[in-house]
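**Student:** Right, I'll just put the structure down here and ask away after.
The values are calculated or read from the model by the stated rules, or taken from the named source; none is laboratory data. Please read all numbers here as calculations on a predicted model, not as lab measurements. Don't worry about glycine lacking a Cβ; one is built from the backbone with ideal geometry, like all the others, and counts go over all protein chains shown. For accessibility, only protein heavy atoms count, side chains too; no ligands or nucleic acids. Shrake-Rupley method; radii C 1.70, N 1.55, O 1.52, S 1.80 Å.
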Amino acid sequence: MVNIAVLTSGGGTNLEAILRSEESGRIKSGKVVLVVADREGCQSLKRAENHKRKAVLLDKRKLRKAFEETLVRTLEENSIDLIVLAGFLSILSEDFTRLYSGRIINIHPSLIPSFCGRGFYGLKVHEAALERGVKVTGATVHLVNEIPDGGKILLQKAVEVKEGDSPEILQRRVMEEAEWIILPEAVELMSKKLSEDRNDD
Ligand code: GRF
């Protein structure tokens, strides 16, 4: 069984989707044993507690330069195999991504390579898609490397942009129709792969 950590910075709706998929048996090769929030007030910590999972606040503003070393120590203490960035807004260093190379996945709310990279997160992604006038957008799950949103693409799901969409309406549709579906799917795929690579019985 693969130990999973989910790193969050906000509402935790993607975390919720993963936890529900685990509890319904759609995720069976891994288990979320740790939820991390990098700032105060994250709803994700409450969601973790509701599902009786270990929740840790590592406040980046307070920890400053010690944030990443504290994160690594916390991951090691919990024997984490797979890291899932779910609405996580902190940029991770090259050292960190190399340490966990091939074992960090991220959900991005567009069809990469559109509307991604530095500065494209949350609502800004949907504002840019509406500004450009695309008729189709969606979400992408990708491996995380040292380039923001640059790692190998694992899964994508397209979502229709509708006439009169606001960024908020589009964001909600992309979450409901794409993110909350492909992220749990990718978690199971990666957990299965890591288990097989490790020859888990
Ligand atoms: C969403 O826009 C998601 O696409 C992005 O972070 C935002 C919040 O996600 N990854 P969550 O509700 O905290 O999972």
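**Student:** Could you state the number of Å between the C-alpha centres of region 118-155 and region 161-201?
**Tutor:** Spelled out, the Cα-based centre of one part sits 13 Å from the other.
**Student:** Let me ask you something else. Just read off the accessible area of LEU63 with the full protein assembly in place, 1.4 Å probe, to the nearest 10 Å².
**Tutor:** We get 50 Å² for LEU63.
**Student:** Let me ask something else. Tell me which of PRO184, ALA55, ALA5 sits at the most positive position along the dipole axis of the chain, charges placed on C-beta atoms (Lys, Arg +1; Asp, Glu -1).
**Tutor:** ALA55
**Student:** Continuing with this model, one more query. Taking 0.36 nm per intervening residue step and subtracting the Cα-Cα distance, what contour gain separates GLU185 from ASP197 on full extension?
**Tutor:** 2.5 nm
**Student:** Rounded to the nearest 10 Å², what accessible area does GLU77 have for a 1.4 Å probe in the complete protein model?
**Tutor:** 130
**Student:** A follow-up question, please. Could you compute the FRET efficiency for GLN156 and LYS135, with r as their C-beta to C-beta distance and R0 at 22 Å, rounded to 0.05?
**Tutor:** Efficiency at R0 = 22 Å is approximately 0.85.
**Student:** A further question on this structure: Can you give me the three principal axis dimensions of region 100-193 from its C-alpha atoms, in Å, biggest first?
**Tutor:** So the three principal-axis extents are 41, 25, 16 Å.
**Student:** Another one. In terms of the Cα gyration tensor, with a ≥ b ≥ c the square roots of its eigenvalues, is region 1-99 rounded because a/c is under 1.5, prolate because a/b exceeds b/c, or oblate?
**Tutor:** It is oblate, given that a/c is not under 1.5 and a/b is not larger than b/c.
**Student:** Average the reciprocal distances over every distinct pair of alpha-carbons in the chain, invert the result, and give the Kirkwood radius in Å.
**Tutor:** Computed over the chain, the radius equals 17.0 Å.
**Student:** Can you tell me the relative contact order of the chain? Whole percent, Cα pairs under 8 Å, sequence separation 6 or more.
**Tutor:** 23
**Student:** Projecting each Cα onto the charge dipole of the chain (Lys/Arg +1, Asp/Glu -1 at the beta carbon, about the Cα centre), which of VAL159, LEU99, VAL72 comes out farthest on the positive side?
**Tutor:** Farthest towards the positive pole: VAL72.
**Student:** Using +1 on the beta carbon of Lys and Arg, -1 on that of Asp and Glu, and nothing else charged, what's the dipole of region 3-140 about the Cα centre, debye to 20?
**Tutor:** Using Cβ point charges on Lys, Arg, Asp and Glu, region 3-140 gives about 200 debye.
**Student:** Rounded to the nearest 500 deg cm²/dmol, what is the calculated helix-only ellipticity per residue at 222 nm for the chain, with -39500 (n - 2.57) per DSSP H run of length n ≥ 4?
**Tutor:** Value at 222 nm, helices only: -11000 deg cm²/dmol.
**Student:** Same structure again: Counting other C-beta atoms within 10 Å, and keeping those with at most 14, which DSSP coil trypsin sites (Lys or Arg not before Pro) do you find in region 37-73?
**Tutor:** In loop regions of region 37-73 (DSSP not H, G, I, E or B), the sparsely surrounded trypsin sites (Lys or Arg not before Pro) are LYS52, LYS54.
**Student:** Mind telling me which of ASN145, ASN14, ASN78 comes out most flexible in a GNM of the chain, alpha-carbon contacts under 10 Å?
**Tutor:** It is ASN78.
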